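The values are calculated or read from the model by the stated rules, or taken from the named source; none is laboratory data. Everything numeric here is computed off the predicted structure, so don't read it as measured data. Cβ placement follows ideal geometry from the backbone for every residue including glycine, while neighbour counts extend to all protein chains displayed. When the accessible area is computed, the model is the full protein with side chains, heavy atoms only, and any ligands, DNA or RNA have been set aside. Shrake-Rupley method; radii C 1.70, N 1.55, O 1.52, S 1.80 Å.
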Amino acid sequence: MANVRAGAAIFSARTVTALLRLMGRGATTLPGRVAIKICPDIISVLARDQQIITITGTNGKTTTTHMVTGILETLGYAVVTNVSGANLATGIATALIGGIRVRRRAEKAGKKTVCVIEADEAAFSKVCGPLAPRICVVTNLFRDQLDRYGELVHTQNFIAKGLDACDARILLNADDS
């Protein structure tokens with residue numbers, strides 16, 4: 001039953017992506033929203049057996065994602081990423097669904113694939129477990145998100161909860177107090 005739901009979720013997300021692109025719109029979150037509605041565990045299904053690096057923190061997530069992606073591509077890896085900055089569960093699901101084709105092309109070309117996933121600080125607590133990353137990068141914690149998350153310790157707790165949900169190597173910003 002899970003495979004049927006996942007297949008339906010992937011098909012529906014691809015259909016939504018095609019329709020949005022026909023309309024000249026971005027397709028970064030709505031396809032993932034549809035997929036999650038059909039198959040709530042689509043992220044864990046698509047992350048299974050993948051090499052995943054997650055990047056979270058208050059500042060520098062997108063820049064770090066670009067840098068890591070560039071380094072890995074230079075080393076010959078095919079990279080699946082949500083570099084558009086759609087870093088909530090819906091954007092991550094969209095990126096992983098789009099990554100299915102990237103992985104297939106890479107496999108045919110004899111290349112290895114790595115997923116580099118940027119995750120919003122609050123979303124990180126929910127997506128890190130299902131993603132089961134090998135490496136988690138935490139850029140920093142800064143007070144510029146007080147309007148969204150309240151005190152800095154609240155943001156820290158989101159990230160800590162995500163880190164507790166996985167068995168990954170953790171790279172922390174040593175310059176962040």
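Take Glu107 and decide whether it is of a type in the set (Asp, Glu), touching a Ser or Thr at 6+ places or on another chain (Cβ under 9 Å) and open to solvent by 10 Å² or more (accessible area, probe 1.4 Å).
yes
In the stretch 155-172, how many residues are among the polar types (S, T, N, Q) and without any contact (Cβ under 8 Å) to a residue 40 or more places away in the chain?
So the count comes out to 2.
Return yes when Val68 is under 28 Å from Asn157 (Cβ atoms), modelled with pLDDT of 95 or more, surrounded by 19 or more Cβ atoms within 10 Å (Cβ to Cβ) and more than 10 Å from the chain's Cα centre (by Cα) and no when it is not.
Taking the combined requirement at face value, the residue satisfies it.
One line per residue, one yes/no per condition, for (1) in contact (Cβ under 8 Å) with a residue 60 or more places away in the chain; (2) of a type in the set (Ser, Thr, Tyr); (3) in contact with a strand residue (DSSP E or B) (Cβ under 8 Å, 6 or more places away or on another chain); (4) part of a helix (DSSP H, G or I):
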| site | (1), (2), (3), (4) |
| --- | --- |
| Asn3 | no, no, no, yes |
| Ile10 | yes, no, no, yes |
| Thr17 | yes, yes, no, yes |
| Gly26 | no, no, no, no |
| Gly32 | yes, no, no, yes |
| Asp49 | no, no, no, no |
| Thr64 | yes, yes, yes, yes |
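Scanning the stretch 102-116 for residues that are more than 11 Å from the chain's Cα centre (by Cα) and closer than 16 Å to Ile43 by Cα, which turns out modelled with the lowest pLDDT?
Checking each candidate, the answer is Arg103.
Just the residues that are open to solvent by 20 Å² or more (accessible area, probe 1.4 Å) and out of contact with any Leu (no Cβ under 8 Å at 6 or more places or on another chain), please, taken from the stretch 73-93.
Glu73, Thr74, Leu75, Gly76, Tyr77, Thr81, Val83, Ser84, Gly85, Asn87, Leu88, Ala89
Please pick out the residue among Ile135, Ile97, Ile159 that is over 28 Å from Ile38 (Cβ atoms), touching a helix residue (DSSP H, G or I) at 6+ places or on another chain (Cβ under 6 Å) and crowded, with 16+ Cβ neighbours inside 10 Å.
Ile159
Could you list, in sequence order, all residues of the stretch 50-65 that are within 12 Å of the chain's Cα centre (by Cα) and either of a type in the set (A, V, I, L, M, F, W, C) or buried (at least 19 other Cβ atoms within 10 Å of the Cβ) (or both)?
Ile52, Ile53, Thr54, Ile55, Thr56, Lys61, Thr65
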